[in-house]
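Here is the structure we will look at.
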Amino acid sequence: MAQALTSSRKGFWWRRKAWLMVFLRQVSSAVLPRGFAISVRPALIRSLALAGVVLSVLCALCLGRYPLSPLRVLGVFGHLLHLSAGVDPLAQVVVMQARLPRILAALLVGSALSCGGATYQAVFRNPLVSPDLLGVLSGAAFGAALAIVSGGSAFVVQMGAFGGGLLAVGCGLLISRTLPGGGVLALLLGGLIGNAIFTALLSLVKYLADPMDQLPAIVDWLLGSLAPSGWHELAWVSGPLIILTMALVLCAPVLDVLSLGDEEARSLGVSLRVMRPALIVLATLACAMTISMAGIIGWIGLLVPHVARLLVGAEHRNMMPVTALLGAGGLVLADTCARSLTTGEVPLGIVTQLFGALAFVLVLRRLRGGMA
């Protein structure tokens, strides 16, 4: 009896919701210009995502093991812009030297990883593709581990990670050229083979590393962190990362065409032999630079594009800007949690994998509910 009453109430509310949606759709089609809702929704989502990024940055500046009030944070920036005479010296050191470089690095890394993941998913026409498909993560990890074992400096480790990521993707692309048939399937198989090769090489380097000194340094780097990010690292990384991320966002119309299929793309005049490798190279460069700066940070490139599709649809012209904003704000919040939840800092890669996996379950349930 109670179950029947509950189901009848649920049916009543669903019928009422459906009637209200039909009424609003009819009113909007009669009053608003044609296509108004289609054009306004992405703009509204972009505005909300931008506001979320600003709010996440403000929270990151205030929260931490040494909390600061918003007034003290604003006082630091007021002194920097010569709007106020006095400044709290301790707050200035915390904001300008400890937190602001990490926040800027999180914004750059999150947006680049998200746009790179969305690009991979469009090129391979597979929503479960992430930046580690072609081996960029395993290659970067191998390059960084090799540099650590060789006794290189922090800059050498970053360059080793960047070069290793590019080398792994290059090997995957070369292997795909030798496979029969070509196309997306050959790229997938080549990427899997290259990923397996560099994962084995990484295991070999870890086996040969000194267990007292070098192996802990390799493990610490693989867990991912933005703690080493400072103004010096941002000076040489920020420019290329901004350019690469903007290039991926501007390539959204091409991604829309590629996601239709090979035959449709050729009929629309897109050269698959040129555009597909070019987009893979752009996404790989962006992901390799983020890995060289922050280590292995998972789930951002896989999860954020799905959330953006749920909000604005699958059209990349609307999705890519929202993807960049959501990735930037999400990684800022994740880094804030990593350095604020405990007395010691939790590696950022652990936080993104834990919360990313849980959030992906919710996204998949939402997608399944929408398909049902």
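A few points about this structure:
- Filter result (outside any helix (DSSP H, G or I) and without any contact (Cβ under 8 Å) to a residue 60 or more places away in the chain) within the stretch 130-168: Ser150, Gly151, Gly152, Ser153
- Helices (runs of 4 or more DSSP H) contained entirely in the stretch 246-310, each with at least 2 residues that are surrounded by 15 or more Cβ atoms within 10 Å (Cβ to Cβ) and hydroxyl-bearing (Ser, Thr, Tyr): 272-294
- From the options Val205, Val169, residue that is aliphatic (A, V, I, L, M) and within 23 Å of the chain's Cα centre (by Cα): Val169
- Some residue of the stretch 332-341 being open to solvent by 50 Å² or more (accessible area, probe 1.4 Å) and either at pLDDT below 90 or not in a helix (DSSP H, G or I) (or both): yes
- Filter result for Gly181 (surrounded by fewer than 23 Cβ atoms within 10 Å (Cβ to Cβ) and on the phi > 0 side of the Ramachandran plot): yes
- Residue in the stretch 201-216 that is touching a Lys or Arg at 6+ places or on another chain (Cβ under 8 Å) and modelled with pLDDT of 90 or more present: yes
- Residue in the stretch 69-82 that is within 19 Å of Thr336 (Cα to Cα) and open to solvent by less than 10 Å² (accessible area, probe 1.4 Å) present: yes
The values are calculated or read from the model by the stated rules, or taken from the named source; none is laboratory data. Quantities reported herein were computed from a predicted structural model and do not represent experimental measurements. As a convention, Cβ positions derive from the backbone with ideal geometry for all residues, glycine included, and neighbour counts pool all protein chains shown. Calculation scope for accessible area: heavy atoms of the full protein, side chains included, ligands and nucleic acids excluded. Shrake-Rupley method; radii C 1.70, N 1.55, O 1.52, S 1.80 Å.
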